[in-house]
Every structure is written in structure tokens, then in C-alpha cells.
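Read the structure below first, then the notes.
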Amino acid sequence: MEVQQQVQLQKFNTLNLKSTAAYYVQISTQQALLDALDFAKQHQLNCLILSGGSNMLLPESIQALVIHINIRGIEKLEENENHVTVCVGAGENWHDFVLYTTQQQWYGLQNLALIPGRVGASPVQNIGAYGVEAGDFIETVQVYDREQSQFKTLTAAECHFAYRHSIFKDNPNRFVIVSVTFKLLKVADLKLGYGDLRTAVGDEQTAENLQRQVIAIRQSKLPDPSVFPNAGSFFKNPVINESHYQQLAQQFPKLPHYPQPNAQVKIAAGWLIDQAGWKGQRLGVVGMFEKQALVLVNYADATLNEVQQTYQAVQHAVQQKFNITLEPEPVLFNGLGLIQPHVSN
Ligand code: EPU
């Protein structure tokens, strides 16, 4: 284990925020993780767990130990004619893993192609796209529980998966995910219900073609982080109650909405931001992408402060027009390396 000092994290977070870690270590084994946690304890440092950095807002300076999880490996645990169970190291690249499953003719994750980030982050916000969520195919998550000082396996039920939510969101700073076990299908069951996916897939109804179409749709409207640094959808799609929705629908009949259980309605945040005039707009060097208003882009070396000014201005505009508070998706860290709640404007 080699702990480095004063390490620049700009290339390790997809928003490209400049952020210097006082201490930084890459770990590729469970033992190295324990050693890193020990080092932090000895030096009285907090630990910030870094994965693919695709869903994080980092401050300019972090007085903590940043532990970059690089545990690799894909291991087949069980296989029968219907299912295959695979355990995947948290440090594996998500998209490469999805492509690998398709090559192996293991099915389920094709709708989740091209999502940036690493496998270990997939359960945290229960990544989802085109009608599928990672939690639908996760069997267990292997973690180090920092509260109980032991490695544990959490079942999917124990992970409390919901829309962009899990136990890991409820207990920030507690669990370090070391690997994720997926139960995938041997016979494809294509999920084509979202938007115009069915039309895009057309007559060639195979998992390979589904994956190709998902990639094409994403490439057509989502910015490539290596060209336009971003963190994917910047806000969650808000869920409001039925009476609020009815009130809005009278004024805005085109409001895209998705009925939820318990008389709740999910609203498309991208549409709200678009209608509030923010699509393709910038404040300084930070703006909302021209082809998908839900994605915030760092156009030139922005600091966290500049990102916050832009997203708070967007929140304000949406609040004024629709009386809806948008909640940011990326996790915000303070200068001591701890997760902290967002303050809205
Ligand atoms: N819309 C607009 N203007 C925009 C963007 C969207 O009017 O600028 C409208 C669209 O026309 C559509 C609706 O809003 O009627 C929904 O748009 P879209 O299908 O693009 O999906 P989304 O709700 O904006 C969600 C996820 C994405 C995921 C897509 C596809 C969230 C917060 N975002 O976006 O996830 O890829 O659905 O399933 O749930 C991510 O989390 O990083 C991400 C990209």
C-alpha cells in the first residue's frame, strides 16, 4: 500500500473538478483496504471512498485519505440453464462489464450500457436507464462495514433498492463496497417499454441489438464525459403528489409524468429545466447540456463553487415556475472528506 500526498483528483472525477487530496491511496485487495483504513485511523483522518467518480462533487481541497477502489475481477459462481451468477470486483468499469455480459450471452444489463462509472457504485444509487435498474439483477453486495469493523454480504432485500436509492445512500460513510454479485438470465427477456426503445430496436429483437440501440440513443443526447465533463443526470426526477400534479397539468398539459404507487407522480426533471429556460444555458463556465437539459456540464475548469452557483440557479428557476424542488443526484463532499447534504437555493 503506497499512500501519496497532495494528489490531484481532476482526472478521477467525470465532472473534472479540480480537487487536491491531502492523502491518496489506490487499493486492489481487501487486505489493502483494511491497511488503508488503519492508516487513516492512525493519522486521525476521515476516509473518502472514490470509485469511478461519476457521481461526486468534490471540493478544491480534501483534508482526508482518499481511498480509490481498484479491486478487479469477474468470477462466475454458478450457472444453470436459466441463470448465471457472477461476482464482480467493485473497481471494474461498468460499461465494459455490461459489454462482457452480452458477449457471454448473459442477459439483463443491456439497457444499462454506457452508464459511466464503476461496478462498485452501481448499487449505491441503484443506477437505472430505459426501464431497468441495477438492483433488478443484483443478488448480493459484499461490503466492509466500518461501523461493525467486518466484511459482510448484504442481500438485495437488505440493500433497500428504490429509484436512485439504496441503504448505501441512507448510511453515507458506513459501507465500502468491494464486489457485487449479479444474477443474470441465460434466456433474454428484453425490456423495450421505455420511450421509443421498441421502435429503435425494430424487428431485430435481440439483446445485442437492444444494447446497440441503447448506446446509440445515449450517444445522441448525452454528452461524452471525456469531451464535456459531466456527472450524468444532475437531478433526480422529482416525485410529487397527485393534487400538485393535477394543478400543474392544467397549466402545462404536456408535462411528462409517470404515475407511481401511493398517489404519487414522477415528473421529468429535464422537461422542467428545459421549460424554465435552462436548456443549453450557462452561468459562467457551467451549464445545462443543449441536447438534454438534465445534464450539467463543466465547460472549462469550474470549481465546486461555480457548479453550485449554476445548479442553485436552475433549482431556483424550476422552483419559481413549477413549485418543485429539484434534488441533485451527485454526492457532495466537504473539505474533511465527509458526505454532506445539499443546500438548495
Ligand atoms: N425532456 C425535455 N427536455 C430535455 C430533456 C428531457 O423535454 O432537455 C423530456 C423528454 O422529451 C421526455 C422526458 O423529458 O419526455 C424524459 O426524458 P428522457 O427520456 O431523456 O429521460 P430522463 O427522465 O430525462 C432518465 C434518467 C437517465 C436515463 C433516462 C433513460 C433520471 C434522473 N435520469 O432521464 O439517467 O438514462 O431516464 O432511462 O432518472 C443518469 O442517471 O445519469 C441518467 C442519464
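The values are calculated or read from the model by the stated rules, or taken from the named source; none is laboratory data. The shown structure was predicted, so the numbers you read here are calculated from the model rather than taken from an experiment. Glycine also receives a Cβ, built like all others from the backbone with ideal geometry; neighbour counts cover every protein chain displayed. Keep in mind that these areas ignore ligands, DNA and RNA; they rest on the heavy atoms of the full protein, side chains included. Shrake-Rupley method; radii C 1.70, N 1.55, O 1.52, S 1.80 Å.
What's the magnitude of the charge dipole for the chain around its Cα centre, counting Lys and Arg as +1 and Asp and Glu as -1 at the beta-carbon? Answer in Debye, nearest 20.
Values: 25 positive and 30 negative charges, 153 e Å.
Once rounded to the nearest 20, the dipole reads 740 debye.
Once the convex hull of all Cα atoms in the stretch 227-281 is built, its volume per residue stands at 88 Å³. Rounded to the nearest 5, what % of the DSSP beta bridges within the chain are antiparallel ones? In the chain, approximately 80 percent of DSSP beta bridges are antiparallel ones. Summed over qualifying helices (DSSP H, 4 residues or more, each -39500 (n - 2.57)) and divided by its residue number, the chain shows a 222 nm mean residue ellipticity of -7000 deg cm²/dmol.
Quick check: at a probe of 1.4 Å, how many percent of the accessible area of the chain sits on carbon and sulfur atoms?
On the way: 7130 of 15880 Å².
After summing per-atom areas, the C and S share lands at 45 percent.
Derived value for the stretch 74-189: Kirkwood hydrodynamic radius 14.1 Å. Basis is the mean of 1/r over every pair of different alpha-carbon atoms. So, in nm, how far is label Ala157 from label Asn93 when the simple model puts each one 7 Å beyond its Cα toward the Cβ? Distance between label points: 3.7 nm.
Just need the Rg to Rh number for the stretch 191-317, please, alpha carbons only, Kirkwood Rh. Please list the in-between numbers first.
Details: Rg = 16.8 Å, Rh = 16.4 Å.
Taking Rh as the inverse mean 1/r over Cα pairs, Rg/Rh reads 1.03.
Expressed in units of 2.2 N^0.38 Å, where N is the residue count, the Cα radius of gyration of the stretch 1-148 is 1.13. Ranking Tyr23, Val3, Phe39 by how far each Cα lies toward the positive end of the dipole of the chain (charges on Cβ) leaves Tyr23 at the top.
Coupling constants for the stretch 156-166 follow from the phi torsions by the Karplus curve (6.51 cos²θ - 1.76 cosθ + 1.60, θ = phi - 60°), and in residue order they are 4, 4, 5, 7, 6, 5, 8, 4, 6, 8, 6 Hz; glycine and proline get x.
Our note on the geometry: Cα centres of the stretch 109-143 and the stretch 198-269, 16 Å apart.
Computed over the stretch 48-102, the convex hull of the alpha-carbon atoms projects to a mean area of 4.9 nm². Which part of the stretch 289-330 falls in the paramagnetic zone of Gln10, meaning amide N under 16 Å from the point 7 Å along Cα-to-beta-carbon? Backbone N within reach: 298-307.
Regarding the stretch 150-212, what whole-number volume in Å³ per residue does the convex hull of its Cα atoms give?
On the way: hull volume 8.8 nm³, N = 63.
Taking the convex hull of the Cα positions in the stretch 150-212, it is 140 Å³ per residue.
If the chain linking Lys76 and Gln105 were pulled fully straight, counting 0.36 nm for each residue of separation and taking away their Cα-Cα distance, it would gain 9.1 nm.
Net charge near Gly120, counting Lys/Arg +1 and Asp/Glu -1 over other residues with Cβ under 14 Å of its Cβ? Before the final figure, lay out the partial values.
Numbers: positive: Arg72, Arg118; negative: Glu92, Asp96.
Summing Lys and Arg as +1 and Asp and Glu as -1 gives 0.
Selection among Tyr299, Ile167, Ile138 by position relative to the dipole of the chain gives Tyr299 as farthest towards the positive end (Cβ unit charges, Cα centre).
Between Gln260 and Glu290, the FRET efficiency estimated from the beta carbon spacing at R0 = 25 angstrom works out to 0.25.
Measuring with a 1.4 Å probe in the full set of protein chains, what accessible area per residue, in whole Å², belongs to the chain? Intermediate results must be reported in sequence, preceding the final value.
Working: 15880 Å² over 345 residues.
Using a 1.4 Å probe on heavy atoms only, each residue of the chain averages 46 Å².
Taking 23 Å as the straight-line reach from the Cα of Lys76, the lysines in range (excluding those fewer than 8 positions away in the same chain) are Lys152, Lys183, Lys186.
Using only side-chain charges placed at the Cβ, +1 for Lys and Arg and -1 for Asp and Glu, the dipole size of the stretch 74-189 relative to its Cα centre rounds to 320 debye.
Modelled spin-label separation between Gln312 and Asn241, with each label point placed 7 Å from Cα along the Cα-to-Cβ direction: 2.9 nm.
Length available on full extension from Tyr194 to Ala216: 0.36 nm per residue minus the Cα-Cα distance, which gives 6.4 nm.
Summing +1 for each Lys or Arg and -1 for each Asp or Glu, what net charge is found among the other residues whose Cβ lies under 11 Å from the Cβ of Gln104? Don't skip to the answer; put the middle values down first.
Values: positive: Lys76, Lys186; negative: Glu79.
Around Gln104, the surrounding residues sum to +1.
Between Glu327 and His165, the modelled labels are 0.6 nm apart [label points 7 Å from Cα along Cα→Cβ].
Are any of the pairs Lys291/Lys321; Lys18/Lys191; Lys18/Lys169 more than 28 Å apart by Cα-Cα distance, and if so, which?
Working: Lys291/Lys321 21 Å; Lys18/Lys191 39 Å; Lys18/Lys169 24 Å.
Over 28 Å Cα-Cα: Lys18/Lys191.
Each Cα pair under 8 Å and six or more residues apart adds its sequence gap; the mean of these over the residue count of the stretch 4-69 is a relative contact order of 43 percent.
Once you wrap a convex hull around the alpha carbon atoms of the stretch 4-69, what is its projected area averaged over all directions, in nm²? Walk me through the numbers before you get to the answer.
Values: hull surface 15.8 nm².
Averaged projected area of the stretch 4-69's Cα convex hull equals 4.0 nm².
As a rough guide to protection, the peptides 225-231, 288-294 ranked by mean Cβ packing within 10 Å, highest first, stand as 288-294, 225-231.
Comparing the chain with the 2.2 N^0.38 Å rule of thumb, its C-alpha radius of gyration ratio is 1.00 (two decimals).
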